Structure formats: C-alpha cells, structure tokens
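The values are calculated or read from the model by the stated rules, or taken from the named source; none is laboratory data. Bear in mind the structure is a predicted one, so any value in this text is a computation, not a measurement. Backbone-built Cβ (ideal geometry, glycine too); neighbour counts: all protein chains shown.
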Amino acid sequence: MRIFTGNAHPKLGNAICNHLSIDPGRCEVGHFADGESKVRILDDVRGLDVFIVQSTCPPVNEALMELLVMVDALRRASAKRITAVVPYFGYARQDRKHEGRVPITAKLTANLITAAGVDRIVCVDLHAAQIQGFFDIPLDHLYGSPVIKSYLKDKEYEDAVVVSPDVGSMKMAHGYAKALGYGLAVVEKRRLTDMDVEAGYVIGDLKNKDVVLVDDMISTAGSMASAIAIARDNGAKSVTVCATHGLFVGPAYDRLLQAKPDEIVVTDTVPLPPAPEGLNVTVLSVAKLLAEAIMRIHHNKSLSLLFV
C-alpha cells in the first residue's frame, strides 16, 4: 500500500500516514512555467494498492487538476488499484439545474475523476448525498459528525438544542440531536444570491438554551451568520457553530466576527485560513477516521462501523 498527497492539504495526508505508521509516498507535484500541473511519482507502485489524499478545495480547479494528473501518472506506472480520498468534494453544490442553461458540474467532475482512472473514491459529508449516484465507481461516503459529536459530548450544557440553519440541513441536525439527546429546531431561510441569504423565523424554542448550529460546510458564512443572529434574538444562552468543512471564503470571517458565536467547531478536511483575533475556532482532525477507512478498504473490510 502507498499513500500519496497533492498540494491541496499535505498536512492531512501526513497525519493519516502517521496514524497508519507508514511513510507518505514520494512524489513531486508542482507546475510548469505556464501554470500546467506537473507530477512525477518517485516510488515504485507497480501492482500496489494506492491512495491519493487530495481535497478539491480552493483553489478548486488547481486541486482537481492535480488529482487527475496524479491519477494518470499512477495508472501509467501500473498501480493495481487507485483510490481517491477526497475529504472535501468541490463543485458539490452544482448538483442540479436550478434554472435554465446551467451545467450540472458535480456530475461533470465525477465523470472526469472516473475517466482519469480512479477505481474507488472516498468523500466526507458530500453537500448533496445524491452525488454518490453520479459516480460509476464505488464511493464510500463518510461523515464528520462522529468526530464532532465526540467533542460535543464533553460539553457541560444544561439545556441544549441542535439548530439547523436551513431546512436542507434538517436531517443532519436530527442526527446530532438524536445521538446527543438534545432538542431540535430549524431556522427558515431564503437565498437571495450566491453569497447572501435572508433568515426568517425559528421553528422551535431557543430561549435560555445552549444552541448548537450544525451544517456540512461554512463557505461565505451567510447562512450561519443569519442563524446566529436569529438564535440570539430568540433568547439563546450560548451559540456554538459546528460544520465539517470550514472553507471560510470571501466575507466569512467578517460576518462571523459580527455575529459573535461563542465557538466555531470545524474539522480539517480542508486547510483553514488563519482565524482573526476574536473568533474562537476549534479544529478537529478527521485523520484517524480516514486512516481507518483506508485500512479497511485495503483489507476489503466493511466501513459500516465508521458511520456511528
């Protein structure tokens, strides 16, 4: 078995290797003078089970192209099986035609990865679960919630309620509430633009509650900032924000600084930009989760135990 990592998130790839007590595969991943991706595999992989750890996170196009070129290099080097470990799957929000004459880029991305020669793919918290069906190869869909739930169990909340920042995240919020024994509520939301949302009313009681807002990702933080404000307006005692993918792009940090959550909890599926002073950001690692998944795939064992 060999594990290689691209430039998107080498820290996570190295952490996975540490959990497995193996050295990362040696490779050179860079760019030619004109910006084209340049890859050279330095280890012999003939007949081996190979894993590539590469989140397709911002800059998404560069990370995706690196992944495709690495796969091609390994395929031509006669690797027996290639598994792409993509903790954050870029383009996942473009999973349907929401208006005329727009692409379904998530499906296109799935086609590109499959055509490059990937035999299997591992993802964490796809933005839309139906993306699993976009791939014509086996896909293992893991969840960051076990890592976050384990952290929340140590919190001494007196009266906690899990809140979904929109209706789309309600199923995830229900899973958290059921596992932790918390209450459940949802914030109604209307999206105005790609970066702006308008939060409306709350379904549920938040007065004097420790509110735990959960979502799969924080991108520009429009939904989260609005939900935090709504929770405060409805009498929340404290507000903790939890998400698997902490992208924090564009005005995200500024919005969160204004909203003032008590704590922001994310995982390391993507490398985080430095948090500004005034934001309490806790980063939990999914390296152990992914290391266990890789080992189980390598030995052809079930991954069901990782979903609890």
Report task. Only residues that are outside any helix (DSSP H, G or I) and over 22 Å from the mean Cα position of the chain (by Cα): list them for the range 51-82, please. Result -> A77, S78, A79, K80, R81
Query raised in the report: Is it the case that some residue within the range 230-247 is more than 25 Å from E156 (Cα to Cα) and either of a type in the set (S, T, Y) or in contact (Cβ under 8 Å) with a residue 40 or more places away in the chain (or both)?
Result: yes
Query - Residue ranges of helices (runs of 4 or more DSSP H) in the range 87-190 with at least 1 members among the charged types (D, E, K, R) and under 16 Å from the mean Cα position of the chain (by Cα) - result: 145-152
Report task. Kindly list, by first and then second residue, each pair from a residue in the range 274-297 that is surrounded by fewer than 16 Cβ atoms within 10 Å (Cβ to Cβ) and at pLDDT below 95 to a residue that is assigned to a helix (DSSP H, G or I) and aliphatic (A, V, I, L, M), limited to pairs with Cβ atoms under 6 Å and residues at least 6 apart or on different chains. Result -> G278/L257
Query raised in the report: Across the range 35-50, what is the number of residues that are closer than 24 Å to L20 by Cα and either assigned to a loop (DSSP other than H, G, I, E, B) or within 26 Å of the chain's Cα centre (by Cα) (or both)?
Result: 9
Report summary line: Scanning the range 114-141 residue by residue, the ones that are more than 22 Å from D72 (Cα to Cα) and either among the polar types (S, T, N, Q) or in contact (Cβ under 8 Å) with a residue 24 or more places away in the chain (or both) total 8
Query raised in the report: Among the residues of the range 200-222, which ones are modelled with pLDDT under 90 and buried (at least 24 other Cβ atoms within 10 Å of the Cβ)?
Result: G222
**Report entry** Residues located in the range 94-141, provided they are over 19 Å from L68 (Cβ atoms), in contact with a helix residue (DSSP H, G or I) (Cβ under 6 Å, 6 or more places away or on another chain) and surrounded by 17 or more Cβ atoms within 10 Å (Cβ to Cβ)
**Finding:** D95
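Quick one: in the range 227-280, which of the residues that are charged (D, E, K, R) and part of a loop (DSSP other than H, G, I, E, B) is farthest from H174 (Cα to Cα)?
As a first pass, look at the range 227-280 and keep what is charged (D, E, K, R): 232-233, 237, 254-255, 260, 262-263, 268, 277.
Those left that are additionally part of a loop (DSSP other than H, G, I, E, B): 237, 260, 262, 277.
On the way: K237: 21, K260: 25, D262: 22, E277: 32 Å.
The qualifying residue farthest from H174 (Cα to Cα) is E277.
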Report task. Identify the single condition in (1) surrounded by 15 or more Cβ atoms within 10 Å (Cβ to Cβ); (2) within 21 Å of C123 (Cβ to Cβ); (3) without any contact (Cβ under 8 Å) to a residue 40 or more places away in the chain that S37 does not satisfy, given that it satisfies every other one. Result -> (2)
Requested in this report: Sort out which residues of the range 82-116 are in contact with a Leu (Cβ under 8 Å, 6 or more places away or on another chain) and farther than 18 Å from C57 by Cα, and write them in order of number.
Outcome: I82, A116
Query raised in the report: Can you pull out the residues in the range 1-34 that are in contact (Cβ under 8 Å) with a residue 24 or more places away in the chain, touching a strand residue (DSSP E or B) at 6+ places or on another chain (Cβ under 6 Å), within 19 Å of P59 (Cα to Cα) and part of a loop (DSSP other than H, G, I, E, B)?
Result: G6, N7
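Test A227 against the stated conditions and say whether it is surrounded by 19 or more Cβ atoms within 10 Å (Cβ to Cβ), without any contact (Cβ under 8 Å) to a residue 40 or more places away in the chain and small (G, A, S). Spell out the reasoning first.
Numbers: surrounded by 19 or more Cβ atoms within 10 Å (Cβ to Cβ): yes; without any contact (Cβ under 8 Å) to a residue 40 or more places away in the chain: no; small (G, A, S): yes.
Judged against the criteria, A227 is not a match.
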